[in-house]
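The values are calculated or read from the model by the stated rules, or taken from the named source; none is laboratory data. Since the structure is predicted, the reported quantities are computational estimates derived from the model, not experimental observations. Note that we place each Cβ from the backbone using ideal geometry, even for glycine, and neighbour counts take in every protein chain shown. SASA here: full protein model, heavy atoms, side chains in, ligands and nucleic acids out. Shrake-Rupley method; radii C 1.70, N 1.55, O 1.52, S 1.80 Å.
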Amino acid sequence: MPGFEIFGDEEKQEVLQVLESGVLFRYGFEGQRGQQWKVRQFEQAFARYTGADHAQAVTSGTAALKVALAALGVGAGDEVITQGFTFVATWEAILDCGAVPVFTEIDHTLNMDPADLEKKISPKTRAIIPVHMMGAAARIEEIVAVANRHGIPVIEDTAQAAGARLHGRHLGTFGAVGTFSFDSVKTMTTGEGGMCITNDEALWQRMDQYHDHGHDHLPNPGGRGGEGRPFIGFNYRMMEIQGAIGLAQLAKLDGMVAAQQQNKKVLREAASAIAGVQFREMADPAGDSATFLTFMLPDKAKADTVAAVLGDAGAPAIRWSENNWHYYPRWEHLLEGKTPCHDGWPFVVQGKRRYIYDPQALPNTVAILERALTYQIPVQLAQEQQTTICSAFAQAARAL
Ligand SMILES: *Cc1c(COP(=O)(O)O)cnc(C)c1O
């Protein structure tokens, strides 16, 4: 998965250029910075790379979701649909807008089930956020078709899938907006950082303005202080050091994905020796960014047996059904409506709980993830590590 594995001279050189100029801010300081606009250059490079018309850099993947939702006009009283297998950030951003997150099941793509999406749409649905979990595409064309039929915009949470494609087209370019994260464990990293991409010029303008206190960024005699503001905003600005690192990491992204695909192929082949394994469904395996390998066993008991053997053999698998940050039944703070706010906002409005989250609401998601075993695929897979995992798979195959 992570760009931190290949952090090197390229990143250092980029950062040094920023430090030498002494300009850390993405706007202004024209005299001092010369022609150096790292965040702007990173936005342009990222748009070019993904094939989107516009890119807006922000401080994190969570901020990217918030900025996209705000620019789409999502607010109190609205519902936003996402899936029950994602990082908490997806629904935190929805709640931060004052809207209510509604959750769909996943299917064997381990992403949003389009049939369940159709059932969860209500007159209040204002946006839909499918997530491309673990580096590979959701059924995004079907999801966008459902959304279009109802006239609802799609935000693709592409935080975990930079560099991934579906039939040659970059993930994040199918919906109204694609959002990315460059946090410290994502495929490419700027330490903290995020990006929104879109082909909708007006929407990009609203994201640009909202992410910087509403500044309209139009030339005027008063400089930054003289800029107008169409509406209130917030501060989600990326700084020049992050933009610089992003330029270096983006240049390595396709190489990282190619290395991961190679490593994944070896491990996938070894795992296929285990009787009854069913690999995660993918519409386009060639477009997989190959950050993770996931396979399902026929039932939970077999998955538990295999997991125990793999753990004993020194190659423990990730069980998402035991993870507190990515799995609906384990989000007790969401389910119980825990908030620091004295009056219960955003779960409680005017003394009334807006929405009740049933921990048992997503049985299909539970049934799939309870049987699933996952391995993270490194960019650099040491021979020793490869041998350990492959022989653990062989042991598991004999144990069944
Ligand atoms: C990492 C992640 C985010 C949030 O990104 P940050 O940059 O850490 O704020 C959002 N959604 C998903 C699916 C993620 O994995």
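Assorted remarks:
- Centroid-to-centroid separation of segment 119-172 and segment 360-395 [C-alpha atoms, Å]: 25
- Shape class for segment 225-311: prolate, because the ratio a/c of the largest to smallest gyration tensor axis (alpha-carbon atoms, square roots of eigenvalues) is 1.5 or more and a/b beats b/c.
- A simple spin-label model places the labels of LYS119 and GLN395 4.1 nm from each other, with each point 7 Å out along Cα-to-Cβ.
- Rounded to 5, percent antiparallel among DSSP beta bridges of the chain: 65
- Qualifying aspartates and glutamates (Cα of each under 20 Å from Cα of LYS352; at least 8 residues distant if same chain): ASP78, GLU79, GLU92, ASP96, GLU332, GLU336, ASP343
- Fluctuation leader among LEU297, LEU16, LEU110 - the chain, Gaussian network, Cα springs under 10 angstrom: LEU16
- Based on protein heavy atoms only, segment 3-252 ends up with 37 Å² per residue of surface accessible to a 1.4 Å probe.
- For the chain, size of Cβ-based charge dipole, Lys and Arg +1, Asp and Glu -1, in debye: 300
- Put simply, when 251-264, 81-94 are sorted by average Cβ atoms within 10 angstrom per residue, most first, you get 81-94, 251-264.
- Mean residue ellipticity at 222 nm, helices only, the chain: -11500 deg cm²/dmol; runs of at least 4 DSSP H residues each add -39,500 (n - 2.57), and the sum is divided by the number of residues.
- Lysine-lysine proximity count for segment 1-156, Cα under 29 Å, sequence distance 8 or more or distinct chains: 5
- The convex hull around the C-alpha trace of the chain, projected and averaged over every direction, spans 20.5 square nanometres.
- Placing a pseudo-label 7 Å from each Cα along the Cα-to-Cβ vector at ASN235 and ARG48 gives an inter-label distance of 3.1 nm.
- In range of the label at ASN323: residues from segment 363-387 whose backbone nitrogen is under 20 Å from the point 7 Å along Cα→Cβ: 363-381
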